[in-house]
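Report on the structure given below.
The values are calculated or read from the model by the stated rules, or taken from the named source; none is laboratory data. On a predicted model such as this, the values are computed, not experimentally measured, just so you know. When we count neighbours, we look across all protein chains shown, and the Cβ atoms used for this are built from the backbone with ideal geometry, even at glycine.
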Amino acid sequence: MKRIQFDNIIDDLNKKMVFITGPRQVGKTWLAKEISKKFNKTLYLNFDDFDDRTIILERSWNKSTELLIFDELHKMDNWKTYIKGVFDNKKDFLKILVTGSARLHTFKKGGDSLAGRFFLHRLMPFCLTELQINNYNHGLEKLINRGGFPEPFLSKTDTEASRWRNLYVNGLIREDILDFSNISELKKMELLVELLRRRVGSPVSFKSIAEDLNLSPVTVSKYVDILESLFIIFKVSPFSKNISRSILKESKIYFFDNGMVIGDEGKKLENFVGVSLLKHCFLNEDLTGEKLNLNYIRTKDGKEVDFCISDNIKIKKIIEVKKSKTNFSENLFYFSRKYNLEAVQIVKNLDKEKQIENIELKDIENFLLNLKIL
């Protein structure tokens, strides 16, 4: 299935290195190999493979190679210095593509000598737009229930998808988390994941979770940060012009894999929309350079809207998700009128769209398919 960034990545390879990052088993290696078909002479090197590792360390690839793909290179000591040297001394015709997950992504948070040498593309689970461009119709229910990771989504049966997920979750916790950070209480991490699966869409209190798990709030916060760094969960914080104040408020937790959500259809639908909106924000930044944030709004007296897209300075749109309710949300009216905000209530299987004042009532598929890069 063609991924939405495919053509942009090929274009970017003509300018700089390209780093593809994202959750485990989201299709990074598959995408890299599909891109390689657009070049005459390509070489795929995986640092986990002994023979490939020798080629990497000795830099002994054929000098006529047009596209060089490094997979799992972040597992190499001083890999940033290595790839910087390869890039700075390469032939003009050589393109470099690097793929990886958490460690490849997190290094960019600080200052780094690779600055200006690469474009970043974050690969996320399938979305409705990708299904549309691949002529895959009627995929909404499957995305909601199985999630958008390629293997479970494309599995022939729900049983196959469930078996994949059991192995996936076990691998994430027992391999990736241990590889990423030295955690002594792995069982507590497993319990934390199970708690979060049941609390999707609700503001999460680290103090409350700490009491449930018999851990300190500081440890819970650390564990949540690790889960986020590994692209297992993502946090949606309340919008505030004062960023420091926003960080102190309770965030909501969502899962990149929609199939991990435990709860009713409403929770799964909200998580699916959250993943879709976050992917939209990532694409906007990766393709245009303009950073967008996914937040939510909540007042002290409990008025809340599920999501808003902002740019740190102002809110661009507020979004409420409903399974079937077609009456406009009172909270949308409140925030839209008070702050003059564009608002939309998206509903699954909506018969008729309409608009009142600055608020739209839209079908969920129509809304998500028409999200544009801002």
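Details
- Screening Ile9 against (1) surrounded by 15 or more Cβ atoms within 10 Å (Cβ to Cβ); (2) in contact (Cβ under 8 Å) with a residue 60 or more places away in the chain; (3) outside any helix (DSSP H, G or I) leaves a single unmet condition, (3).
- Only residues that are surrounded by fewer than 17 Cβ atoms within 10 Å (Cβ to Cβ) and either aromatic (Phe, Trp, Tyr) or more than 14 Å from Lys187 (Cα to Cα) (or both) were counted across the range 214-227, and they come to 6.
- So Asn293, is it within 30 Å of Asp11 (Cα to Cα) and surrounded by fewer than 22 Cβ atoms within 10 Å (Cβ to Cβ): yes
- Selection within the range 263-306 - part of a strand (DSSP E or B) and in contact with a Leu (Cβ under 6 Å, 6 or more places away or on another chain): Leu294
- Out of Glu151, Glu141, Glu194, Glu190, sole residue that is closer than 24 Å to Ser276 by Cα, of a type in the set (Asp, Glu) and touching a helix residue (DSSP H, G or I) at 6+ places or on another chain (Cβ under 6 Å): Glu151
One line per residue, one yes/no per condition, for (1) modelled with pLDDT of 95 or more; (2) within 30 Å of Lys372 (Cβ to Cβ); (3) in contact with a helix residue (DSSP H, G or I) (Cβ under 7 Å, 6 or more places away or on another chain):
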position: Met1; (1), (2), (3): no, yes, yes
position: Asp12; (1), (2), (3): yes, yes, no
position: Ile20; (1), (2), (3): yes, yes, yes
position: Lys37; (1), (2), (3): yes, yes, no
position: Leu43; (1), (2), (3): yes, no, no
position: Asn46; (1), (2), (3): yes, no, yes
position: Thr54; (1), (2), (3): yes, no, no
position: Ser64; (1), (2), (3): yes, no, no
position: Ile69; (1), (2), (3): yes, no, yes
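- Any hit, the range 317-324, residues being surrounded by 21 or more Cβ atoms within 10 Å (Cβ to Cβ) and at pLDDT below 95: no
- Within the range 273-290, residues that are under 9 Å from Met124 (Cβ atoms) reach partners that are of a type in the set (Lys, Arg) with beta carbons closer than 7 Å, at six or more positions or on different chains, in the pairs Phe282/Arg122.
- Scanning the range 234-258 for residues that are at pLDDT 95 or above and either assigned to a loop (DSSP other than H, G, I, E, B) or buried (at least 20 other Cβ atoms within 10 Å of the Cβ) (or both) turns up Val236, Lys252, Ile253, Tyr254, Phe255, Phe256, Asp257, Asn258.
- Tabulated pairs, the range 44-57, first assigned by TED's automatic domain parsing to the domain that holds Phe87 and more than 9 Å from Glu72 (Cβ to Cβ), second surrounded by fewer than 17 Cβ atoms within 10 Å (Cβ to Cβ) and acidic (Asp, Glu), C-beta under 8 angstrom, 6+ apart or interchain: none
- Close pairs from the range 17-30: first part of a loop (DSSP other than H, G, I, E, B), partner polar (S, T, N, Q) and at pLDDT below 95, Cβ under 6 Å, at least 6 apart: Arg24/Ser101
- Residue match in the range 80-97 (condition: outside the structural domain of Leu230 (by TED's automatic domain parsing) and within 26 Å of Glu151 (Cα to Cα)): yes
- Taken together, Glu194, Glu211 contain a single residue that is in the same structural domain as Asn271 (by TED's automatic domain parsing), more than 23 Å from the chain's Cα centre (by Cα), part of a helix (DSSP H, G or I) and not small (Gly, Ala, Ser), which is Glu211.
- Residues (at pLDDT 90 or above and surrounded by 16 or more Cβ atoms within 10 Å (Cβ to Cβ)) located in the range 359-374: Ile359, Glu360, Leu361, Lys362, Asp363, Ile364, Glu365, Phe367, Leu368
- Filtering the range 113-136 to residues that are touching a residue at least 12 places away in the same chain (Cβ under 8 Å), under 30 Å from Leu269 (Cα atoms) and not in a helix (DSSP H, G or I) leaves Leu120, His121, Arg122, Leu123, Met124, Pro125, Phe126, Cys127, Asn134, Tyr136.
- Lone unmet requirement of (1) within 17 Å of Leu120 (Cβ to Cβ); (2) without any contact (Cβ under 8 Å) to a residue 60 or more places away in the chain; (3) hydrophobic (A, V, I, L, M, F, W, C); (4) surrounded by 18 or more Cβ atoms within 10 Å (Cβ to Cβ) for Ile35: (2)
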